[in-house]
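Read-outs: derived from the displayed coordinates by stated rules, not from any lab. The model shown is predicted, which means the values in this text are computed figures rather than measured ones. With ideal geometry, Cβ positions are generated from the backbone for all residues, glycine too; neighbour counts draw on all protein chains shown.
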Amino acid sequence: MSPSKDSTLDFGVFYNIVDGKKRTGIDVHHGVNPVTGDELWDCPIGTQQDVDDAVTAAKKAFPAWSATPLEKRKEMLRKFSDLFSAHSEEFTTLLCKESGKPRKFAGIEVAGVNDFIGWHCSLNIPEERLEDDEKVVTTVYQPLGVVGAICPWNFPLILAIGKIAPALLTGNCVIVKPSPFTPYTGLKLVELAQEIFPPGVVQVVGGSNDLGAMLTIHPGIAKISFTGSIATGKKVMESGAKTLKRVTLELGGNDASIILPDVDIEKVAPEVVMGAFQNSGQVCVATKRIYIHQDIYKPFLEAMVKFTKSIKVGSSDEEGVLLGPIQNQMQYEKVKGFFADSKAKGYKFAAGSPDITASKGYFIQPAIIDNPPNDSRIVAEEPFGPIVPTQPWSDEEEVIARANNTNTGLGACVWGKDVAHAEKIAMRLDAGSVFVNSWEKPTPQAAFGGHKESGIGTEWGTRGLISFCNAKAIHVYK
Ligand code: NAD
């Protein structure tokens, strides 16, 4: 049976969802459309009571849900995926409104929800068996209980489903907390899920940052799956430690891209630019430092500048738009700070302007900073916006050391015609995901996580699935 659209799903009214029911709130907040600066719909601000009730409902639902056969849980996830597909147009429009993304890229994120669910449904929960003369030891992976899924604003749908799908597949119940900047698609996604899953299995409580803290400290929650900034990640870990929660932390990065001298400049330079400016640079694994071999530094930078100047920045539905605005005002001011600092220090803008033209929305034309010093803010910190530095290199050992000389280690790229050589460099980069001859394109099939302060643990891939489980070894003596 093909899924039909639920006539009661209204994309103009938003609720928290607790125990299968819609909840309003005494207090409300709203997002802002970053294209226009206009206020969007009101959403309830969840309270401690909402969190407590959600945990109670999840604990009540857990025994039956975790005992539901895996194949049945997969069947329900697939049904949910079909139902979501039937609403993909509405979700795309909603995502454009809350994030400002160009429609094409919002559509890719929406389609990614089905890809994530589909991939997870192809997995089985592993089991390991070891036998010797004396005994058989079987290691099984069992669900933890109630999972809190705390999400950021840059990919509100993908990063939510990347937590929901493995949590549900492994038999956990999950409480989602969307970012206050982008609450809408997350709230609607979980509201839609109520048509498929029993009450309490998947819930959502949105509103403020305080809710995140309430989840991390709640004794009824077994695990926090968190994606966001390093600073907040540290608070999550500290707070979760009080009840020894399992935590997965997917945090920020300062990804290096190393360009070897044998690359095809015309082909690679635009790709490297895309790696830096995809989603207007608001990507944890965007390229944030570009190291170009000195023999090709000038022509490579020229090709990057040429492509950057051709990029159209604008609103979601404008023809030919590649980049949207910065998602929120706080981030807009932060990114402007990197432009102002680069201007004040006299760094050279190879592309873009040091002065950002004021507009109704939070638009910024992308900028490339030509060879700022190693200790400049633009090299040392994560701007999370469309501004990137380039620097020349000549010695391979030295550039590897420079790429690794950071407290983060999320992603990295190596570009070169000699793939074996590029792979050797990739092996030496201290990052959770390294891409050879591609900009950063994480996929649900591969483990995703950060080294150093970029995170703890991994999500996605089969390893990600296991992170939602306790390992249990059963020793049977003969
Ligand atoms: P953020 O840390 O400000 O917020 C993330 C989430 O945490 C939000 O839902 C927020 O409400 C919640 N929160 C705030 N204070 C909290 C607290 N004390 N306890 C618990 N939760 C709390 O991050 P952001 O600005 O939304 O996202 C941008 C950052 O996220 C960037 O640094 C980016 O690199 C990183 N990021 C990482 C990944 C990854 O997978 N590694 C993916 C996307 C974004």
What GluC sites (Glu not before Pro) in the range 133-207 are in a loop by DSSP, with at most 11 other Cβ atoms within 10 Å of the Cβ? Glu134
For the chain the mean separation of alpha carbon contacts under 8 Å (6+ apart) over residue count, i.e. relative contact order in percent, is 18 percent
Using the Cα gyration tensor of the chain, with a ≥ b ≥ c the square roots of its eigenvalues, what is the shape: rounded (a/c below 1.5), prolate (a/b larger than b/c) or oblate (neither)? oblate
Hey, which lysines would be in cross-link range of Lys245, C-alpha to C-alpha under 22 Å, not counting anything within fewer than 8 residues on its own chain? Lys59, Lys60, Lys163, Lys177, Lys223, Lys234, Lys235, Lys452, Lys472
Net +/- balance of residues flanking Asp418 in space, Cβ distance below 13 Å, scoring K and R +1, D and E -1: -2
Starting with the fewest neighbours, write out Glu98, Glu333 ranked by other beta-carbon atoms found within 10 Å of each beta-carbon. Glu333, Glu98
For Lys424, Lys223, ascending order of other Cβ atoms within 10 Å (fewest first) is Lys424, Lys223
For the range 255-444, report the translational diffusion coefficient in µm²/s to the nearest whole number, using Stokes-Einstein at 20 °C, 1.002 mPa s, and a Kirkwood Rh over Cα pairs. 130 µm²/s
Radius 11 Å from Cβ of Tyr347, net charge of other residues (Lys, Arg +1; Asp, Glu -1): +2
Within a 10 angstrom radius of the beta carbon, how do Met214, Met237 rank from fewest other beta carbons to most? Met237, Met214
Cα→Cβ-extended label distance, 7 Å offset, between Tyr477 and Asn405, nm: 5.9 nm
What distance in nm separates the simple spin-label points at Ser394 and Asp82, each placed 7 Å from Cα in the Cβ direction? 6.4 nm
Find how much the distance from Leu70 to Gln329 grows on full extension, using 0.36 nm per residue of separation minus their present alpha carbon separation; answer in nm with one decimal. 88.9 nm
Cα pair count fraction exceeding 19 Å, expressed as % - the range 222-280: 52 percent
With 0.36 nm assigned to each residue of separation and the Cα-Cα distance removed, Glu134 to Lys242 gains 34.9 nm
Net charge of Cβ neighbours under 10 Å - reference Leu168; Lys, Arg +1; Asp, Glu -1: +3
